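*Asks:* Provided herewith is a single structure, encoded as structure tokens, for subsequent inquiry.
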Amino acid sequence: MNAEFICCDIYDLPDHLNEKFDIVFTSYGTIGWLPELDKWAKVISRFLKPNGKFVMADFHPFIWLYDDDFKEIFYNYFNVEPILEEGSGTYAEKKSEIENKTISWNHPISEILNALTSNNLEINQFNEFDYSPYNCFKEMKEFEPGKLQIKAFGNKIPMVYSILATKK
């Protein structure tokens, strides 16, 4: 497959690309690094052809309320301020000796959907799931192949959501 990779801030993509696409996809762990979802949704709308599809799968913002051990609600569900954290390890290697500081944002579902719909995207499907396809949190158990839940919660909380939308 012939592919082109562009390395830039997502908000600056219109300065680097001038094409329209049938599909735009946003994957797990993307929007938590973005402070402004309206700007993100404008970029999606800008690059979709009319009737083009936007597809998204991500971790549900509900799970980001908890501390790392899922013992207490630690963060705000609503995007009221940046979340500043310091720690060691990396996303890919939790036991790494690398020290890091991160800034992230917890975007509630309403903020995500409103950013998309206010930028000419019509929501066709919104689904929530009580499992994760990845073993990426502490104390998870696999209850079916490829489906994991946090042991303490089982199927009581949303872990993942998906969106399918069409450019008007």
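*Asks:* At 1.4 Å probe size, with the rest of the protein present, what percent of the exposed accessible area of segment 63-138 is carbon and sulfur atoms?
*Replies:* So the carbon and sulfur contribution to the accessible surface is 50 percent.
*Asks:* Now for a different question. If you fit an axis through the alpha-carbon atoms of helix 37-47 and take the longest principal axis of the Cα set of the chain, what angle between them do you get, 0 to 90°, nearest 10?
*Replies:* 40
*Asks:* Could you state the principal axis extents of the C-alpha atoms in segment 91-168, from the largest down, to the nearest angstrom?
*Replies:* If we take the Cα atoms of segment 91-168, the spans are 45, 34, 18 Å.
*Asks:* Can you list the chymotrypsin sites (Phe, Trp or Tyr not before Pro) in segment 81-131 that are in a DSSP coil and have 12 or fewer other beta carbons within 10 angstrom?
*Replies:* Those that pass, being in a loop and sparsely packed, are Tyr91.
*Asks:* Moving to a separate point now. What net charge is computed for the residues neighbouring Leu121, neighbours being all others with C-beta under 10 Å from the C-beta of Leu121, Lys and Arg scored +1, Asp and Glu -1?
*Replies:* On the way: positive: Lys53, Lys167, Lys168; negative: Glu122.
Overall, the nearby charge balance is +2.
*Asks:* Divide by every residue of the chain the summed helix terms, -39500 (n - 2.57) for each DSSP H run of at least 4, and state the resulting mean residue ellipticity at 222 nm, rounded to the nearest 500 deg cm²/dmol.
*Replies:* On the way: 2 runs with 20 residues, N = 168.
Taken over the chain, the calculation gives -3500 deg cm²/dmol.
*Asks:* Lys and Arg at +1, Asp and Glu at -1: add these up for the other residues within a Cβ distance under 10 Å of Lys101 and post the number.
*Replies:* Details: positive: none; negative: Glu85, Glu86, Glu99.
Charge balance in the 10 Å sphere: -3.
*Asks:* Apply the Karplus parameterisation 6.51 cos²θ - 1.76 cosθ + 1.60, with θ equal to phi minus 60°, to every residue of segment 92-102 and state each ³J(HN,Hα) to the nearest whole Hz, in sequence, with x for glycine and proline.
*Replies:* Working through the residues one at a time gives 8, 9, 4, 8, 4, 7, 5, 8, 9, 10, 10 Hz.
*Asks:* Local charge sum around Ser88 (other residues, Cβ-Cβ under 14 Å, Lys/Arg +1, Asp/Glu -1)? Each step should come with its number before you reach the end.
*Replies:* On the way: positive: Lys94, Lys95, Lys101; negative: Asp68, Glu85, Glu86, Glu93, Glu97, Glu99.
Taking every other residue near Ser88 into account, the sum is -3.
*Asks:* What ³J(HN,Hα) values, in whole Hz, does the Karplus curve 6.51 cos²θ - 1.76 cosθ + 1.60 give for segment 6-14 when θ = phi - 60°, with x put for Gly and Pro?
*Replies:* Once θ is set to phi - 60°, the couplings for segment 6-14 become 10, 9, 6, 4, 4, 5, 9, 3, x Hz.
*Asks:* State the Kirkwood hydrodynamic radius of the chain in Å, one decimal place, computed from all pairs of distinct Cα atoms.
*Replies:* Details: mean 1/r = 0.0570 Å⁻¹.
For the chain, inverting the mean 1/r across all distinct Cα pairs yields 17.5 Å.
*Asks:* From the backbone phi of segment 159-168, what are the Karplus-calculated ³J(HN,Hα) couplings (6.51 cos²θ - 1.76 cosθ + 1.60, θ = phi - 60°) in whole Hz, Gly and Pro given as x?
*Replies:* 3J(HN,Hα) across segment 159-168, in whole Hz: 10, 9, 9, 9, 10, 10, 9, 10, 6, 6.
*Asks:* Another question, if that's okay. Roll a 1.4 Å probe over the protein chains and send me the accessible area per residue for the chain in Å². Intermediate values should be presented prior to the final figure.
*Replies:* Values: 10700 Å² over 168 residues.
Normalised by residue count, the accessible surface of the chain is 64 Å².
The values are calculated or read from the model by the stated rules, or taken from the named source; none is laboratory data. All values derive from a computational prediction rather than experimental measurement. Please note: Cβ atoms are built from the backbone with ideal geometry, for glycine as well, and neighbour counts cover all protein chains shown. Only protein heavy atoms, including side chains, enter the accessible area calculation; ligands, DNA and RNA are left aside. Shrake-Rupley method; radii C 1.70, N 1.55, O 1.52, S 1.80 Å.
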